[in-house]
1. If you take the beta carbon distance between B:Lys545 and B:Glu450 as r and set R0 to 41 Å, what does 1/(1 + (r/R0)^6) give as a FRET efficiency, to the nearest 0.05?
2. Quick one: if the Förster radius is 35 Å, what FRET efficiency do B:Asp20 and A:Asp385 give, using the C-beta to C-beta distance and rounding to 0.05?
3. Quick check on the stretch B:326-389: what are the equivalent-ellipsoid semi-axes from the Cα gyration tensor, as sqrt(5λ), descending, whole Å?
4. For chain A, what relative contact order do you get, as a whole percent, if you take Cα pairs closer than 8 Å and at least 6 residues apart?
5. For B:Lys367 and B:Asp50, compute 0.36 nm times the residue count separating them, minus their Cα-Cα distance, and round to one decimal in nm.
6. Taking every alpha carbon pair in chain B, what does the distance histogram look like in 20 angstrom bins from 0, in percent?
7. What net charge do the residues around B:Gly285 carry, taking every other residue with its C-beta under 10 Å from that of B:Gly285, with Lys and Arg at +1 and Asp and Glu at -1?
8. Where in the stretch B:334-369 is the amide nitrogen less than 18 Å from a point lying 7 Å along the Cα-to-Cβ axis of A:Thr223?
Amino acid sequence: MAQFNRRLALRGMGATIGLPWLESLARATGETVSAQAGQPPVRLAWLYVPNGVHMPNWRPGAEGKLNDLPVTLKPLESIRNQVSVFTGLAADKARPNGDGPGDHARALSAFLTGCQARKTDGTNISSGISVDQVAAGGLGHMTRLPSLEIGAEAGAMAGNCDSGYSCVYSSTMAWRSSSQPLPKEVNPALVFDRLFGATADESRKDKDRLRRSVLDTVTKDATSLRGKISTGDKRKLDEYLDSVRDIEVRMARAEKLPPPAKPPIDRPKGVPASYAEHLELLTDLLVLAFQTDTTRVATFVLANEGSNRPYPWLQVPEGHHDLSHHGKNASKQEKIAKINLFHSGMLARLGTKLSAVREGEGSLLDHCLIAYGSGNSDGDRHNHDDLPVVLLGGGKLGVEGGRHVVHPKETPITNLWLAMLAKAGLQREKLGDSTGVLKI
Amino acid sequence: MLLLNLLLTTCQQSTNPPKDFSLSAFVNRHCIQCHQGDKAKGSLSLEKLDPASILKNRAGWEHSVERTQGGDMPPASRKTRPTPAEIEAFTNQVNAIFEAADLKAKPDPGLVPPRRLNRVEYANTLKDLLGVDFNPAGDFPSDDIGHGFDNNAETLSLPPLLMERYLSAAETALDKAIQLKAPKPAKRNLSARYLEPALKNPGDVKRFRELKDDRLFQTYKVTETGEYILRFKAYGIRGGDKAPDVAIQIGDKRILSKHKLEGDEKNPQVFEAKTTLRPKQYQFGLRLENPGDGRAAMVEWAEIEGPIDTRPPELRNLLAVQDSQADAEKIRLVLTRFARKAWRGQVDKQALQGVVDLAIADGAKRKDWVAGAKTGMLAILCSPRFLFRLETDDRPPREEPYDLTEMQLASRLSYFLWSTMPDRELVELAEDGHLMANLDSQIHRMLKAEKSGALVENFFPQWLQIQRLDTFQPDKGKFPFFNEQLRKSMKMEAQKLFEEIVQQDASILNIINADHTWLNQRLARHYGITDTKGNALMGKAGKEKGKPIEGEEFVRVELGNTPSRGGVLGMAAILSVTSNPTRTSPVKRGKWVLEQLMGTPPPPAPPNVPELEATAKSSKAETLRQRMELHRSNPACSTCHQKMDALGFAFEGFNALGALRDKDEGQPIDASGELPGGRKVAGMQDVRSYLVENKDKFVKTMAERLMVYALGRGLTPADRKAVEGVVEATKKGDYKFSAMVKAVVRSQPFRQKRGRDQEPAE
C-alpha cells in the first residue's frame, strides 16, 4: 500500500503555501474570485449511498451520448451534460474472497480503498488508505482543511453491524491509513465550525501560539514515552503523535493562509430532525467548503452501509435494508427506487448549486469531480460488480460529460479513482486493487 | 479472536446428532480429495486427525470449520454434500479438541493496548477533576464499537478531529474552572439608623447615630464559610479629654478588635476587623467600652464583606498554595497535585518537569502564575498520560504474567464500575498498598455509589442492544401512538431493572425472570396494566387490587397477575429493537435470544441468500409465519433459521412495539415455537422457563459480556478458564451481581498483565 508521506508534504509546503488560489472569499453574489492567473483548483468529492440501487431504473439504455436520463437520475436533467454514467465497474474487495458473509461492511470499506477489510469485531481493524486521503495528501497543504468527512448517520451504537465485522467498516468511508478509519462529522453545526470556526483575530493567534507550545510539550513526552512501552502499545501512541502533528501542521498552515471566509450562512443549530433537511444542510455546507476553497477533498456518506432507515415521507415505512432484500418483489423494488430517486435528488442539489457558482471561465462544477455511487449493485444479490456509479462535473477538466460509458466487466472501480486523482494533478500508479487508470 | 467467535457461532444442540459420527469418515468423504499432501488446496492439508496435529494447525482448522459452516466448503461443485447434522457434529468435534486444549493452556492475561478514554469516561473524568458541570464530550465523534462495546481498546482510535476536540474541550473546561478574574466579594452596607436595637423613627437620624451605652449591631446570615471583613464608619465624642474606645464584636461576648475612636463630624473614621465565619446567623456590632462618662460613638454605617475569596471550593483546592511561596514554586506544587490525579497516580518525573517548565515560562510571560498553571494543566489534560489509560510503571518487565500495581488496579476498577477515575478512597488505599486486601468491601461500596449508574447506562444497554431503541423508527401508519415519551419510558423500564441489579445487588436472574417491574402510566397503558399489582384493564374479578398507576413517574409493579411481563423478554424495549419498522421479526427475536442470552448465536447467513424472500404474491401464504416457513424450505437456510425462527415465533403474541396482540394481519396469532433441542413452546413464558432451567448458559453469556466490557478487549480461548471461574463464583454467590463483579475483578486477566514472553514480536 502506497502510504503518502505527510512530512514530505509538509516540507513542500513552504514553496506553495504563499499562493492560495483564492484572494478574497465568496462574495454575496456567490462568486469566487481568481487571484492568480492560474487555473481554478480541482476539487474532488465522493458520495456514498447504501444497499445498492434498483439497477433497471439506474442504468441508461444505451452506451454513448446520454439523450435520456434513466428514471433514477432524472433529477440531474438540468446538468445532464456534466453527468457521466459508468457501467461495468466492480469492487472485488467487497466480495467475501473466503471471508464469508458481511457484504455491507465490505462494500463501504472497499469502495474507496480497493482493499479487503479484515474480518474482525474490533481487534486489529484494517482496510487500506482511501483515495480521498491520497488526494488530501497531495492537495491538502494548500487549504485550511486537508479534507472533509461528513455523513448523515453516526456510527452504530451497539453490537457488530454485519456478520462479524466491526461497525467501523459499515460507517466509515475515509481511511487515513490501513488501520485508521476517519470518523465523519454528522452535526452540521460542527461541520460549520470546522470550516469557518477559526477566526483570524488576535486572540485566536494567541490561543494558537499557546496551543502549539502545549502540543510541543506533550509531543516531547509522548515520544519519550514511546520508547518505554511495549511494541503492541506503540501503535496507539503513534496514532496520538500523528494526530498532534496534524494539528500542528494545520495551525502552521493557517497562519500563512488568508483569513477564513465569512460564511454566507448562519451557524446551523444542530442536527435537523428531518433526514432530508439534514442531507440538504450537509450538501450546502459541502458547496460552501468548495466555494470558499476551505478544502478541496471531501467524502459524504448519505447513510451508513446496511442502513435500515425508513423513508416514511416517501411512503416507504419499511427499513431500507429490509427492503433491499426484495426477492424480486415489484412493490419492494418500487420502494427502493423511490429511495434511490430521493438520494439522487441530493446529488442534483449539490450539482446544480455548484454549477450556479461562477468560477474562472466556467462554473465551480466545471472544476469539481463528484463521484456518487454504492459498493453494492443489487441489494438483494449483494453483488459487487456492475456497480452504480456516476461522475459529475469536470467540464473544464477535459471530462466529456453527458455520456454513458460501458467498461469491460470487472474493471476495478479504483481505476476510476486513479483517473480522478490524475485530473487533480496527482499521478498515482496504484490504489488497492487498481489495474490502471480509466479514461474519463 | 476469530476463534472464540467461531466457537460461539456453532448451532449447538442439533435436533438429531448422528449417532455414529466419525471425524475421519467425514474428512475422507468431503475434504481429503483436495486437502492432502504438498499440493493441498489453499495449502491446507487435513490428513492428520489426531488432536495434536489438529492443534498444530489450529488456524487452518478453524478456517475450514468456519467455511464448512458457512456453506462454502465443500465447494458447491461437489456432488456429495454433508447434511446439516453432520456439519454440526464435525464442528463440535473439532471445537471440543480446541476447548480441551484451552483449559489446559498456560495462563495469559491477554493484550490490552493503551485504552483511550471514551466519550463517557472523558466527560466523567474531567468532571471529577475540575468540578465543572458541563459535557465536554458532546461534540466528540462517536466512539466505534468493538466486540459489542464502545470501550474497546483496539477500536478506540484517535483521529486528528478528536485530538482537536480534546484541545478545545480541555480549554473550555479549564476556562470554566479557573476564572482568572474572580468576581468581587459580596458587601452589605447598612446605615446606622437601621441598626439594632431598632429605632421607632429611623428617619430622625440624619447621618450619624449616637452610641452612648451598650452596642449597635446588625443580624446577618452567613451562607458560605470563608473570611469576612466587618467594617464601620464613625467618629468619637470625647468625654473630658478622653476619646471613646469601641470594640467590633460578634454576638454579645466575642471581641474581634478594639479601636480608639478619634475624628469629628467632618472626618469620620473607617475601621474594620477580619475573621473567618461559618454558615450561621450572626449579630455583629460595635460596643462602646466606656459608657457613662460622656464619651460616645457617632456611627454612620456598618458593613459586612465576604467571603473575601470568591473562588469555588474546587478551585481553591486546586490552586491552594502559600502566599509566601515564589511563583515557580506555586506552579510546581499545583501541577504536581493536579498531575497525580489526572494521570491516575502514575506521575513520571520527567514528563511532569516538561509541563512545569512550560507553565513557569508562560506564567512569567503573562506575569500571572495562575495563568501559567492553567497552561500547565492544559498540557496535562492533552497528554497521552491523561487521554489513555496507560499501565506503564518502572518495574522491570517479567517473563511471566504479573500483577498490576495497586494504582493500576484502582484505575481499572474505577473505570469498570464507574467509567471515571478512581476517587480519593481508592487512591489512598492503593497508595498504601491496601487495595487488594479490601477489594470486596470496595466493590460493594462502589456498586452502591451513585457513580455505578455508569454501569447501568453503559454496560447493560450495549450488551442487550437497547441503545438501538434511539434510532428505532416504527411506521407511523401502523403505530400512530408511538412517540418520544413512549420511547423514553421503554428505556426507563429496562434501566430500572438494571439499577436494582447493580445498586441493590439484586439477582442477575431478574434479567430473564423478574416478578416485578417499573412502569409509568404511559407504559402501563401500553402493556394493558392498570395498577401496581399488575392487574389488566379488563382483569378477572377477585384478584388483589393495587394502587392505580398514574402520571409520568415510575412505580414498582408486582407481576404475579401478569405472566406476560417480567424480565427483559417481556419488555417493550427489547421487543421493539428486535422488530422491523412495520412488523415483528421472529428471526431477529430468535437471534437475539440465542445470541444475547444463551451465548449461541447462529452463524451468519450464507452469502448471496436474501434474508426473507417475498413469497406473498406468488403463494397463498397469508401470515408472516407462513411466508417465513416457505422461505425456510430452502435447505441452505433451514438449519439455522429453524432455530431462530422457531424460537422467535414464541414472541408473536407481542407486536412490533411489544404490546400484546391476538391477531396479525387479520389472522389469529400462533405463538407456538420450538427451542434449540426441539422442545415445543407455546409462547414467551415457555422460553422464559427454559432459560431459568438452563440458567448456566445465561450466566456464562453474561459473564463473557461483562468480561469483555471490563477488559476492553474481545475474549480469546485463553480466557475460557477465567470465564468458568466467574460462572462458578456467581453461582456460589447466589447469582448476586456483586458476586459476578468480584469474580471478574479477581480473575487473572483483570488483575494481571502479560509478561515479556507473551508480547508480540516487534
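1. 0.70
2. Computed FRET efficiency for B:Asp20 and A:Asp385: 0.20.
3. Whole-Å semi-axes of the equivalent ellipsoid: 20, 11, 9.
4. Details: 902 pairs, mean separation 140.8, N = 440.
This gives 32 percent for chain A.
5. Working: separation 317, 0.36 × 317 = 114.12 nm, distance 7.74 nm.
Contour length minus Cα-Cα distance gives 106.4 nm.
6. 13, 33, 29, 15, 7, 2, 0
7. So the environment of B:Gly285 carries a net charge of -1.
8. Output list for this probe position: B:350-358.
The numbers here are math on the coordinates, done by the rules we state, and not lab data. Not measured: the values here are computed from a predicted model. Reconstructed Cβ throughout: ideal geometry from the backbone, glycine too, with neighbour counts over all protein chains shown.
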